[in-house]
1. Using modelled amide H (1.01 Å from N, peptide plane; none on Pro or chain starts), what sits under 5 Å from the amide H of residue 189, excluding residues fewer than 5 places away?
2. Modelled label-to-label distance, residue 95 and residue 363, 7 Å Cα→beta-carbon offset: nm?
3. May I ask for the angle, rounded to the nearest 10°, between helix 263-274 and the longest principal axis of the chain, with both axes built from Cα atoms and the value confined to 0 to 90°?
4. Going through the cross-link list 210/272; 206/245; 244/360; 135/162; 31/69; 195/378, which pairs have a Cα-Cα distance over 21 Å in this structure?
5. Name the long-range amide H neighbours of residue 64: under 5 Å, sequence gap of 5 or more, or other chain; modelled H, no Pro or chain starts.
6. In percent, how large is the relative contact order of the stretch 226-322, given Cα pairs closer than 8 Å and 6 or more residues apart?
7. With N set to the number of residues, divide the alpha-carbon radius of gyration of the stretch 75-181 by 2.2 N^0.38 Å and report two decimals.
8. How would you rank 312-320, 275-283, highest first, on the average number of other Cβ atoms within 10 Å across their residues?
Amino acid sequence: MALKKLSDYQKIIGNPAIESIRNSAAPLEGKSITHVNATSIGGGVAEILNSLTILMNDIGIHAEWDVIKGGQSFFNITKGFHNALQGQNVALPERKKKIFLEETERNSILTRFHHDLVVIHDPQPAALINYSKKKQPWLWRCHIDITSPHPVTWSFLEPFLKKYDGAIYSLDAYKKNLGIPEFIIPPSIDPLSLKNMPLTESRVRKNLTKNNIDPDIPIITQVSRFDKWKDPLGVIRIFEQVQKKTDCQLVLAGNMASDDPEGPNIYKKLMKKINANSSITTMLDQGDIFINALQRASSVVLQNSIREGFALTVSEALWKSTPVVARPAGGIPLQVLQGKTGFLASSEEQAAKRCINLLKNEKLRTQLGQQGREHVKKNFLITRHLQDYINLFRSHLT
Ligand code: UDP
């Protein structure tokens, strides 16, 4: 796919918004920044950095993106951090701390920090700040719901976080009182990426039939990493209730991030549970165009997450005018506005009822779908995200 330029977005957000981004970025011309995270594929952070880094370069910022390296034991430990920050009780013996710090030190040598500003994403690379000769502002960008972290892990990580010059969260409720400036920047989707660009109806149908999904049977979908926090087993239970009342099929499309060692186990459990239900299809590691087509073809998209930083998958579905039924976790209520862009459901029964209602009511689906697209256009596109970063960088660099 051709490289994106800011001007390509003019047809979506209009010229004044493009000009405003360009003008406010002018003082950052030639400044260098680097983003560092833990995976280049799978999950929302990689999705965002793929687009954002390119657009930053298009407006004159020398932006780079580095991914930390590590073996199985390192990523087991950092997945434990992720789980603990989302509230799970995870043991953190001295041995694990030692491995984490040694691997972080190794990464501090493999990664160069000659930039004017450094943005570190999530907890995996957070301790790099301890090992670098810090010559510039460092910002910690947290994509996770950290409202009630497990205290053992939090007290290990907190001293590193306090060394940053600022922390960025997806929503106000995640602020942590770290004693450093704290900023809110909600995530976003790229409306021109392969995942979200317009597709013709015939291309959508072709993508489904090619994968043995009948586009003429109403589709309920969840697109998510195979992760217990996304509760795919709960999705199956919801679907089983819906299936009793109306003709439909479930598609579970998922992948596994390279920094998430728990994925294969969850996937195995899932396959066992699906077993003989021929109305359920699981799709592993599908490309962006298929995910795009699936989100478009679905009558309802479910997002049954127990914990969720933001859930880009929700914005992706709404952008395609597909209503979403979801648990009110993390950033989901920012996107799913009750009765306006979809429905929040706090039990499986409620979720099933909402799905049945939507499947039987085309007019309601169309109305919520239009409102969902408008909501994303106003709030959760990459161009707004870029503008927020520019504003923040300017406060540190000019
Ligand atoms: N995704 C994908 N294929 C899959 C599952 C997920 O491309 O099989 C993408 C999904 O479309 C979204 C991202 O991975 O862009 C997940 O981001 P989200 O914020 O929803 O969740 P995270 O994985 O970061 O917890």
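1. Those lying under 5 Å, H to H, from residue 189 are 381, 382.
2. 6.5 nm
3. The angle comes out at about 10 degrees.
4. Cα-Cα > 21 Å for 210/272; 206/245; 31/69; rest within.
5. Correct list: 33, 34, 35.
6. The normalised contact order for the stretch 226-322 reaches 36 percent.
7. Normalised by 2.2 N^0.38 Å, the Cα Rg of the stretch 75-181 equals 1.03.
8. Details: 312-320: 27.7, 275-283: 13.6.
Output ranking for 312-320, 275-283: 312-320, 275-283.
No value in this document is a laboratory result; all are computed from the given coordinates. None of the values given here were measured: they were computed from a predicted structure. As a convention, Cβ positions derive from the backbone with ideal geometry for all residues, glycine included, and neighbour counts pool all protein chains shown.
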